[in-house]
1. Under a 5 Å amide H to amide H cut-off, with H placed in plane at 1.01 Å, what residues pair with LEU58 once short-range neighbours are removed?
2. Distance check, please: which entries in LYS119/LYS227; LYS85/LYS242; LYS134/LYS199; LYS3/LYS156 exceed 21 angstrom between their Cα atoms?
3. Could you pull the Rg and Dmax for region 3-254, using just the Cα atoms, both in Å?
4. Using a basic spin-label model with each label point 7 Å from the Cα along Cα→Cβ, how many nm lie between HIS110 and ARG244?
5. State the extension gain, in nm to one decimal, for the chain segment bounded by ASN98 and ASN197, taking 0.36 nm per residue of separation less the distance between their alpha-carbons.
6. Pick out, from LEU8, THR55, GLY112, the residue whose Cα sits farthest towards the positive end of the charge dipole of region 3-254, with +1 on the Cβ of Lys and Arg and -1 on the Cβ of Asp and Glu.
7. Can you give me the long-range amide H partners of PHE200? Hydrogens built in the peptide plane at 1.01 Å from N, cutoff under 5 Å, separation of 5 or more residues or another chain.
8. In whole Å, what is the distance between the alpha-carbon centres of region 1-70 and region 208-258?
Amino acid sequence: MPKFAANLTMMFNEVPFLDRFEAAAKAGFKYVEYLWPYDYPAEELKAKLDQYGLTQVLFNTSAGDIAKGEWGIAAIPGREADARKHIDQALDYAITLNCPTVHIMAAVVHEGESREAYKQTFVENIRYAAEKFKPHGINICLEALSPEVKPNYFLKSQYDTLEIVELVDRDNVFVQLDYFHAQNVDGNLSRLTDKLNGKFAHVQIASVPDRHEPDEGEINYQYIFDKLDEIGYTGYVGCEYKPRGETVAGLDWFQQYK
C-alpha cells in the first residue's frame, strides 16, 4: 500500500502554514512534503513534525528569484556558486528534519540559450550534491515539469529526467515521478512506470487535467497504486494537488488508505 504524504504547500490552505502540520495529522496523514522550508528555522519545523508525529519526506532546493522568472538555478551556466549554496542549505535542512529526499530544481531555459550548456552545468551540480548528500544517506530527486505548468523548464519529459539521472551516474540520484506531469507530456503510464522501475525514488499525484484530488479525471489512480505495489515500490506518494474546495471535504478518496 502506498505511503501517502500530504503536500502542505497545496493542501490545508484553510489555515496558516505552520498550522497545516496539525491539520494533516488530524486528517490521518503520517507523512508530509512541501515545496520549500526556508521561511522558517529548521528547528521550528522539526518541532512541528515531532509534536504531531509526522515524518518529513521531501522538499525542494530554493527556486531562486521567482519575481525574475527563476524556477531553480542548478542548471544555469555561470550560477554554479549560488546553486551550490542552495544545495548546501537544503542539506542542512534535510539533516535537521531527518528528510530522506531532496528535489533539486533545475531552471527555466531562456530563449536563445544553449540547452547543452544547461545540461552540462546541471549534471556537474547534481554530482556535487550527490557527493555531499551521500554520507548522510539522503537521496536526490529530479523532476520534469509539463510546459502547461512551467513553460521552458529544462526538464519537460520523464525521459529528459531519466537521461540526466543516467548521465550523473550516482546511486543516490533518482527520478521524481509526478504522474500529473507525466500524463500531460508522456502518457502511457503503465509502460512508463515499468520503464522507470528502480530509477524513481518519489512519486507525486494529482488529477488530470485540473490537478485536483486523484478521484477524478483521466488517470485511474487505483490502478496506478496497484501498479506501484506490483513492482515493489516502497517509497512515498506525495499528494501534490489543489483541493477542489475545503481540503478535508475532498479526502474521501484517502479514507481506505488511512
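1. Long-range HN contacts for LEU58: TYR34.
2. LYS119/LYS227; LYS85/LYS242; LYS3/LYS156
3. In Å, with Rg to one decimal and Dmax whole: 17.2, 49.
4. 4.2
5. So the chain would gain 33.1 nm between ASN98 and ASN197.
6. Farthest towards the positive pole: THR55.
7. Close amide H contacts, sequence-distant or interchain: VAL175.
8. 18
Bear in mind these aren't lab numbers, they're just calculated from the coordinates by the rules spelled out. Quick caveat, the model's predicted, so the values are computed rather than measured. For neighbour counting, all protein chains shown are included, and Cβ atoms are generated from backbone atoms with ideal geometry for every residue, glycine included.
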